[in-house]
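I have placed the structure first, in the form of structure tokens, so that the comments after it can refer back to it.
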Amino acid sequence: MSDARYPFTAVVGMADLRLGLLLNAVSPAVGGVLVRGEKGTAKSTMVRALAGLLPSIGTVADCRFACDPAAPDPQCPDGAHGGAGSLERPAHLVELPVGVSEDRIVGSLDLERALAEGVKAYEPGLLARAHRGVLYIDEVNLLQDHLVDLLLDAAAMGRSYVEREGVSVRHAARFLLVGTMNPEEGELRPQLLDRFGLTVEISATRDPQERAEVVRRRLAYDADPAGFAARFAEDERALAMRITAARELLPQVELTDTALRQITAVCAAFEVDGLRADIVMARTAVALAAWAGRTEVLEEDVRKAAQLALPHRRRRNPFDAPGLDEEQLDRTLEEHAGAEEDGPDDTDPDTDPDGGGPDGPGGGPQDEGPDGGPDGSTVADPAPDPAGAPEQAPPPRPAPGAGREKAPVAGADPYRTRLFEVPGTGRGARGRRSAAETDGGHTVRARRPQGRLARLHLTATLQAAAPHQAARGRSGRALVLAKDDLREQVRRGRESNLVLFVVDASGSMAARQRMGAVKGAVLSLLMDAYQRRDKIGMITFRGTGAELALPPTSSVEVGAARLEQLPTGGRTPLAAGLLRAHEVLRVERMRDPDRRPLLVVVTDGRATGGRDALAQAERAAGLLAGQGVASVVLDCESGHVRLGLARTLAARLGGPAVTLDELRAEGVAALVRDHRSVSTQRKAA
């Protein structure tokens, strides 16, 4: 089968994605692009196709770090390269798998040489291979946060720093960073989103003709990859030449004072945190001008740069959706178009001093080809993309359920909650909730490897081997090792958990003020789960049964949306909710045995809807306790007369019962301060 890649110019539609990738190819200083979209939208195809368009690079022969012969890296671990030969090769496309380790990314000590030859030798990682090429991270939102931080730091600084296991290495790491993600599988933290230069939202076209063209081209490629690539070879060459020309023109592009004022005014108007957005917008606007073959940044460059660089920086908390108010953007650009620093009121913003068209939306020239192929002939026109923000759809009607239903109640504002942990020490994915043995954290001890050696404990290995050197006939510097000498590090850190909410949505919880407080509490716990990198799931029970409202997922935003539209009313089948939780946890235990669950039951403890309903609920609670499930009961009982049923349920589950007032972290801190104050007074007395 032919290895011919799918041509970049053969991809149908996806105008913003094409533009974002091409701008980064012209100017990697833009900071990469994050592609957000549903599955099956050719995200990976376009990234792999882009790598074939990049100009080939010259490298120093035998340099593992792709040093440029014209300007080799003085800190290159492979030496100063004085008088070394050179070779020409294509730019590398390095794909980062989701399960990659930190050692594989940044490199590590070459253990074989260290132990066999007694020398410290560095083995390069993927960052070294990606230098002067493309680093592609598919499903970046599923990558562990500390790895994403590491990658984005290297991308921002253009250099990788390795300080570990006695190795201290610096090497250049400048690459075009592309990440793709499906928001349904969980969001990136706002801090990580901000580190990507541009973001592009994509979805499959709904135009039948355009979809048919996509299928037609894909079938043609599968039938004859080489022949299909040959059809677009000329367009690919022209586009590659245009990238090269834009790169050469880039240093000559002037960012005028007017354009810079517009950039900073837009960032200030949208209340973007920090100054990274201003810098990224400026670099993007300059790249847009170079791509269009101009040496001056115009207003349409600033507008397009804002559309690509700002939407993902508007998020204030995990439940905010990325977006940009186009009317506000155009209004801000108009207010600062052509304004003089000495007298901003001397010029009518609605008048073009050059006699051209108006500066308002649509008044300036539109993108002249940067979105498509070099002449637009080989790429199907994308579906219309409305300039304004999408209209807000009316909220969905509550789902029908048994018993009397009440309209959904908005939750109170979220707040910081106290920390709930799963007892014991786990071995799950790195996070911020419960104690666990992880691949990060601090080293607490050494042990013999359990399976494949993951992380060598060098000191413990040397100590184990030292007493046997004479008996093994050691001579010279090399250490004589046996397999039994090897020791691995045991690191203690924090893990993420599966937080499963079981929410009582019955009539006894449906009082408007009460349900608003309950939703605010659950929303606060969802926020806490997001910050601690947990997976979450949600079960609701009311009427005659329980429903899995949200299967376990990393997308806390979906959980918040489901909670917001939660209908209430009917009886209280508490036992059904607990039994459904038992079944969900059983399935999840098989899927991910290392992720420990935390069950959060939100109820007033009442149980109705059948004979011995309360006794059935207690038996279901005993079943969960017998499985060792860590539980917390959020006691929602209110009023002067309280039955204490939620606390009885908590005792059956083997976990604490916490009232809504006790859930707040500041409330817990106040209780601790009061307790300490009383203790101090007693000691003084």
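The values are calculated or read from the model by the stated rules, or taken from the named source; none is laboratory data. These numbers come from a predicted model, not from an experiment. Here the Cβ is made from the backbone with ideal geometry for all residues, glycine too, and neighbour counts use every protein chain on show. Heavy atoms of the whole protein, side chains included, go into the accessibility calculation; ligands, DNA and RNA do not. Shrake-Rupley method; radii C 1.70, N 1.55, O 1.52, S 1.80 Å.
With a/c under 1.5 counting as rounded, go ahead and sort segment 497-542 into rounded, prolate or oblate using the C-alpha gyration tensor (a ≥ b ≥ c being the square roots of the eigenvalues; past the cut-off, prolate if a/b is larger than b/c, else oblate).
Details: a/c = 5.36, a/b = 1.74, b/c = 3.08.
Judged from the Cα gyration tensor, segment 497-542 comes out oblate (a/c at least 1.5, b/c at or above a/b).
Length gained on full extension, residue 328 to residue 477, computed as 0.36 nm times the residue gap minus the Cα-Cα distance: 46.7 nm.
Across the options 306, 292, 270, the greatest Cα extent toward the positive end of the charge dipole of segment 264-309 (unit charges at beta carbon of Lys, Arg, Asp, Glu) belongs to 292.
I need the calculated FRET efficiency for the pair residue 591 and residue 39, taking r as the beta carbon distance and R₀ as 22 Å, to the nearest 0.05.
On the way: r = 19 Å, r/R0 = 0.88.
Efficiency, from the Cβ-Cβ distance: 0.70.
When you count, for each residue, the other Cβ atoms within 10 Å and take the mean per peptide, how do 17-30, 444-457, 287-300 rank with the highest first?
On the way: 17-30: 24.1, 444-457: 13.4, 287-300: 21.0.
Top of the packing list down: 17-30, 287-300, 444-457.
Between residue 218 and residue 415, take the C-beta separation as r, use R0 = 56 Å, and let me know the FRET efficiency to the nearest 0.05. Numbers along the way, then the final one.
Values: r = 50 Å, r/R0 = 0.89.
With R0 = 56 Å, the Cβ-Cβ based efficiency is 0.65.
Sort the following peptides by mean Cβ neighbour count (other Cβ atoms within 10 Å, averaged over residues), highest first: 302-308, 219-225.
Details: 302-308: 24.6, 219-225: 13.6.
The packing order, highest mean first, is 302-308, 219-225.
Shape class for segment 166-290, computed from the alpha carbon gyration tensor (a ≥ b ≥ c): prolate, with a/c not under 1.5 and a/b above b/c. With a/c under 1.5 counting as rounded, go ahead and sort segment 517-609 into rounded, prolate or oblate using the C-alpha gyration tensor (a ≥ b ≥ c being the square roots of the eigenvalues; past the cut-off, prolate if a/b is larger than b/c, else oblate). Since a/c reaches 1.5 but b/c is at least a/b, the shape of segment 517-609 is classed as oblate. Label-to-label distance, residue 80 versus residue 583, with points set 7 angstrom from Cα along the beta-carbon direction: 7.3 nm.
With R₀ set to 51 Å, the beta-carbon distance separating residue 231 from residue 156 gives a calculated FRET efficiency near 0.85. Taking the average, over residues, of other Cβ atoms within 10 Å as the packing measure, peptides 558-570, 170-182 rank 170-182, 558-570 from highest down.
Taking label points 7 Å from Cα along the Cα-to-Cβ direction, residue 638 and residue 294 give a separation of 5.8 nm.
Beyond 31 Å between alpha-carbons counts as too far, so tell me which of 483/535; 39/304; 304/535; 43/535 fall in that bin. Don't skip to the end; give the middle numbers.
Working: 483/535 39 Å; 39/304 26 Å; 304/535 36 Å; 43/535 25 Å.
As for pairs spanning more than 31 Å Cα to Cα, those are 483/535; 304/535.
Surface composition of segment 18-64: carbon plus sulfur atoms contribute 50% of the solvent-accessible area (1.4 Å probe, protein chains only, all chains present). A simple spin-label model places pseudo-atoms 7 Å from Cα toward Cβ; at residue 275 and residue 203 they are separated by 3.8 nm.
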